[in-house]
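Take a look at the structure set out below.
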Amino acid sequence: MFILVMDFILEILNLIIGKGLNAFIILQVFVLNLAWMLALAIPMAVLVSTLMAFGRMSQDNEIAALKASGVSLYRLVLPALVASIFLSTGMVFFNDRALPELNHKARLLMTDIHQKRPTWNLKENVFIDEIPGYHILIKRVDPHSSDVQGVTIYDVKSRRIPRTIIAEKGKVEFTPDGNTLVFRLFNGEIHETDDEDPQRYRRISFDKQTIYIHGAGSRLIRSQSDYRTDREKTSAQMLDQVKEMKENVITAEEKIVREANLAWYKVSLLSIEKPKPSSKDVPSIEEKTVLESLIKDNQNVLNQILSEKQNIKNKRRYINSLMVEVHKKSALAVACVVFILVGAPLGIMAKKGGVAVGLGLSLGFFVLYWAFLIGGEELADRQLIPAFWAMWSANILIGGAGIYMLVKSAKETKFISWAWTEKFVPKRYRGKGQETRKA
């Protein structure tokens, strides 16, 4: 969690500082984003703890003592395995119910933060460019009030040619909602050029003028949205969407067959109505018109068929991406059980229960596991493999390797042989090594 949190902090640090967020909003950002961090950190934590626990027991000869007392390795691993099953069950519900909702709220909050205007202060003789579409220059600012003097505003919002507003003095304030900046200007002029006719120029003098600049406030406006991405939907929602998409694919395929049959039927009618001309015959004008019309109709049908085929391809790709997310929710949860099967024999083999060994081995296996997930997701999106195998292949392969190592450890046989490396070692060193081992 520390690694993931620190990476997240570095990612959003500039955003938090630049937007001037209060402590409560920052706390909400962290709490909402802790959900996806937990989904990744818990399986890895299971692997770390298993490696450290069984490594420490092996280092202190506790496993050897238990085996001498008639306790098998399977019985030693069973409590951790049962605990991981309960943990995986809870993770399935967390990934399917809590995680999508928290991801949805986190995305909306981050979107609102990105849209929030940064805090800004009135500075003398410095252009204020924080407000999109406006450049504001103020010559003198009264620090004890909202009075200003020598105001120049360049308005380029929704205009091709800027409009210039000049005033001797004025007042600056925000509306009660804190999102609209109000300039109350006195004794000034407005200079503007007609966008449609640049030759026309207007100069308007005023004694009092009020300028409203919307969206200039620094208040964070919270929004609501019913739109959800794939990672913001439950499995039931995605499966319903997959069912609907499959029905649309079937409808599109039926439309392609119907259009193709209709085009073929028109061609067959023409061949029946008109006998096939000989090579010496020249088609009449009417026949040319019919043929040109038929070719045009068939070209339109072909374009429709190609468009429907592309539409079907896109829908199938989206179906695959939805099914990948459905299987990922369960696959990540079941990884807790898989890492128990791998961690126990690896911990016994390491015989060192230190944090460095546990973190090193667990990080290596988790990187391997995550590479399987990312590669499988990419292959599934390209429709090269089914979504099931894309997400579950890592659990099956690593879990199978864990069972193999666990059986070998229970039988006290080597499950990793390094004998093949001896052929690369010179004989004189090989002999010394053997004598050392015998001694």
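The values are calculated or read from the model by the stated rules, or taken from the named source; none is laboratory data. Being a predicted model, the structure only gives us computed values, none of them experimental. Here Cβ is always computed from backbone atoms with ideal geometry, including for glycine, and neighbour counts include all displayed protein chains.
For the range 379-397, filtered to residues that are surrounded by 19 or more Cβ atoms within 10 Å (Cβ to Cβ) and among the aliphatic types (A, V, I, L, M), the residue that is farthest from PRO43 (Cα to Cα) is ALA380.
Within the range 149-178, restricting attention to residues that are touching a strand residue (DSSP E or B) at 6+ places or on another chain (Cβ under 7 Å) and of a type in the set (Lys, Arg), the residue that is farthest from HIS191 (Cα to Cα) is LYS171.
Under the condition of being modelled with pLDDT under 80 and of a type in the set (Gly, Ala, Ser), the residues counted in the range 289-343 number 1.
Evaluating GLY90 against the criteria (1) among the small types (Gly, Ala, Ser); (2) at pLDDT below 90; (3) under 23 Å from TYR369 (Cβ atoms) leaves one unmet condition, (2). The residues on offer are GLY188, GLY170, and the sole one that is part of a strand (DSSP E or B), out of contact with any helix residue (DSSP H, G or I) (no Cβ under 8 Å at 6 or more places or on another chain), free of Cβ contacts under 8 Å to residues at least 24 places away in the same chain and crowded, with 16+ Cβ neighbours inside 10 Å is GLY170.
For the range 55-70, the condition holds for no residue, the condition being that it is assigned to a helix (DSSP H, G or I) and closer than 20 Å to ALA333 by Cα.
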